[in-house]
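The values are calculated or read from the model by the stated rules, or taken from the named source; none is laboratory data. Here the structure is a predicted model, which means the values were calculated and not measured. Glycine also receives a Cβ, built like all others from the backbone with ideal geometry; neighbour counts cover every protein chain displayed.
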């Protein structure tokens, strides 16, 4: 019975963290609506793709499939800048306006310790937390010297090698980790690789023949990806600590079959410095100063396609994000207070090339050296009242967005964000929570200023910022052999930034395609565990959401919101034979995508259900073997819809958009050596 209780606590906390958490290396203060995805580098060893890992582990996360790697995510029908992503507190952006390199792709699973998913507008420390917040926490140095070597192989010629080393003294601790991986084009359940999927669409008359890969590139690998991460933690004195880190990601020749361009490379560098000093005085329990920078370079090209056999076009972009934050924590009676200043400056620049020669000046720039500068002040207070905890947050933002193009006007935005979130502990097994919040996010450089390769202004320069008013409520319940968490949410979005496909003319050229519209979102989530025996237990999660625009977009009649994935369930059966053997069978399933934004490119998707199996066996203290198979029955299915805010095939003369299927049966194995 003791072991049974330990299993319930271990599994339950991964779904329902509500207080100070200590799960191995995890140490984070989380609210009742926070989900912790733990031990990412140990559990999700199949590939580098963090988006796919989150999709498998969380019911509230849906996947936007673009390639074999670097895929984007949605949470509660929200994506792009509506979701805030930080890596060890550093806010990261991708350079590609077509989301080939989303923020979540700039850290790899083998470097991740755990992830917090905070749904709703309940974060005032970071810029632009509209509807969800993802905090990625990477591996940390330790005093004890230890290391790990990993070798992975899988279907579609997948190969990966990774290592990590950490150790040091009581004062200075170091970490170094790295990996390299490559894979062929995956095959879907029909046996079609990327070339085959495009070919199927060509035969059906859905996409032009020119979008197919040239013969010399049809057997090209799907991608090659390398990463290196280095960290140093230095305890300068008993109450002072310095944290330094550097992360490099290098991706080459990443194929994006449902787009007309592929990434020649995608390189990012993330620099992070954090200084912490404790117990400065009565009103400074902890003072934290953080400075960071991320740089991303991303050229994408038609070079590998038939359309680029003689003349190929390259769209080369770069972005730099620089930020600084000062945060002070202190206690006053039953109040835990945090105050701070948050600053960031993002630069985004891009241009078009023909056979590596820049387009004429009048058509060269796509995003013309756009700066987004933000300064904010925030205040948080946690009040403890016997069985009730009340979290309060307030943030004021001042944002200026400017373009180097003298014909594009600057935009200034001011916003006041706030929330109140209460948790009531009815008894030791029952907890109720509810919150209301308001938050905003400004338009990005693409939505405001993007210029197409024909010189057409795709962006809409007078967009308003989007504001979210949201109410959440829920309950957590612990039973003798089970746990349950239920959540409901209702969100009112003012000036939601939507793509209007009606602003695209007959030759595929878009003009001022983004517009503001008011909308509503609502939904529910269920998650929990059930223990059958001391060795056998279930974990499960279900998420559902719906969304409607208050009025149709200009020139349209429909009001369905885009990106609202259907009912999704993640259910797993776990069997622990002993401490050295764990078996897991999981089902990821979703209902048919029947409610979609057809006028803006979305289409009906069939329901699906796939079975994944995995076994982990430890041999002594040093070796661990993982064997798994995803999509055991080789199903053909798609999870990502075709909203036209992304440029997908075809782009001219056809209303159909290419749908990219998920991988078919995938068998993989990992051998880990720990020392």
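Any idea which of (1) more than 25 Å from residue 383 (Cα to Cα); (2) in contact with a strand residue (DSSP E or B) (Cβ under 7 Å, 6 or more places away or on another chain); (3) surrounded by fewer than 17 Cβ atoms within 10 Å (Cβ to Cβ) is the one residue 432 doesn't satisfy?
(1)
Output the residues belonging to the range 130-154 that are out of contact with any helix residue (DSSP H, G or I) (no Cβ under 9 Å at 6 or more places or on another chain) and in a loop (DSSP other than H, G, I, E, B).
140, 141, 142, 143, 144, 145
I'd like the full set of residues that are in contact with a strand residue (DSSP E or B) (Cβ under 6 Å, 6 or more places away or on another chain), surrounded by 16 or more Cβ atoms within 10 Å (Cβ to Cβ) and over 28 Å from residue 344 (Cα atoms), limited to the range 454-481.
Residues satisfying the conditions are 472, 473, 474, 475, 476, 477.
Scan 130, 108 and give me the residue that is under 17 Å from the mean Cα position of the chain (by Cα), crowded, with 21+ Cβ neighbours inside 10 Å and more than 30 Å from residue 489 (Cα to Cα).
One residue alone meets the criteria, 108.
For residue 539, are the conditions met, namely being in contact (Cβ under 8 Å) with a residue 60 or more places away in the chain, closer than 30 Å to residue 675 by Cα and outside any loop (DSSP other than H, G, I, E, B)?
no
Filter the range 337-393 down to residues that are under 30 Å from residue 432 (Cα atoms) and not in a strand (DSSP E or B), then give me how many there are.
Total satisfying the criteria: 2.
Residues in the range 312-320: is at least one out of contact with any helix residue (DSSP H, G or I) (no Cβ under 9 Å at 6 or more places or on another chain), buried (at least 16 other Cβ atoms within 10 Å of the Cβ) and more than 30 Å from residue 70 (Cβ to Cβ)?
no
Identify, from the list 88, 44, 72, 81, the residue that is surrounded by fewer than 24 Cβ atoms within 10 Å (Cβ to Cβ), under 23 Å from residue 631 (Cβ atoms) and modelled with pLDDT of 90 or more.
Being surrounded by fewer than 24 Cβ atoms within 10 Å (Cβ to Cβ), under 23 Å from residue 631 (Cβ atoms) and modelled with pLDDT of 90 or more holds for just one of 88, 44, 72, 81, which is 72.
State yes or no: is residue 414 modelled with pLDDT of 95 or more, more than 28 Å from the chain's Cα centre (by Cα), part of a strand (DSSP E or B) and surrounded by fewer than 17 Cβ atoms within 10 Å (Cβ to Cβ)?
No.
What residue, of 200, 166, is out of contact with any helix residue (DSSP H, G or I) (no Cβ under 8 Å at 6 or more places or on another chain) and in a helix (DSSP H, G or I)?
200
Could you look through the range 195-208, keep only residues that are at pLDDT 95 or above and closer than 15 Å to residue 302 by Cα, and pick out the one that is surrounded by the most Cβ atoms within 10 Å (Cβ to Cβ)?
Selected residue: 198.
For residues that are assigned to a loop (DSSP other than H, G, I, E, B) and touching a residue at least 60 places away in the same chain (Cβ under 8 Å), scanning just the range 551-572, find the one that is nearest to residue 609 (Cα to Cα).
565
Can you work out which of the residues in the range 157-166 that are touching a residue at least 24 places away in the same chain (Cβ under 8 Å) and surrounded by 16 or more Cβ atoms within 10 Å (Cβ to Cβ) is farthest from residue 229 (Cα to Cα)?
Filtering the range 157-166 for residues that are touching a residue at least 24 places away in the same chain (Cβ under 8 Å) and surrounded by 16 or more Cβ atoms within 10 Å (Cβ to Cβ), the one farthest from residue 229 (Cα to Cα) comes out as 158.
For (1) touching a residue at least 40 places away in the same chain (Cβ under 8 Å); (2) touching a helix residue (DSSP H, G or I) at 6+ places or on another chain (Cβ under 8 Å); (3) farther than 25 Å from residue 307 by Cβ, each residue gets a yes or a no:
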residue: 597; (1), (2), (3): yes, no, yes
residue: 605; (1), (2), (3): yes, no, yes
residue: 609; (1), (2), (3): no, no, yes
residue: 617; (1), (2), (3): no, no, yes
residue: 622; (1), (2), (3): yes, no, yes
residue: 635; (1), (2), (3): yes, no, yes
residue: 647; (1), (2), (3): yes, no, no
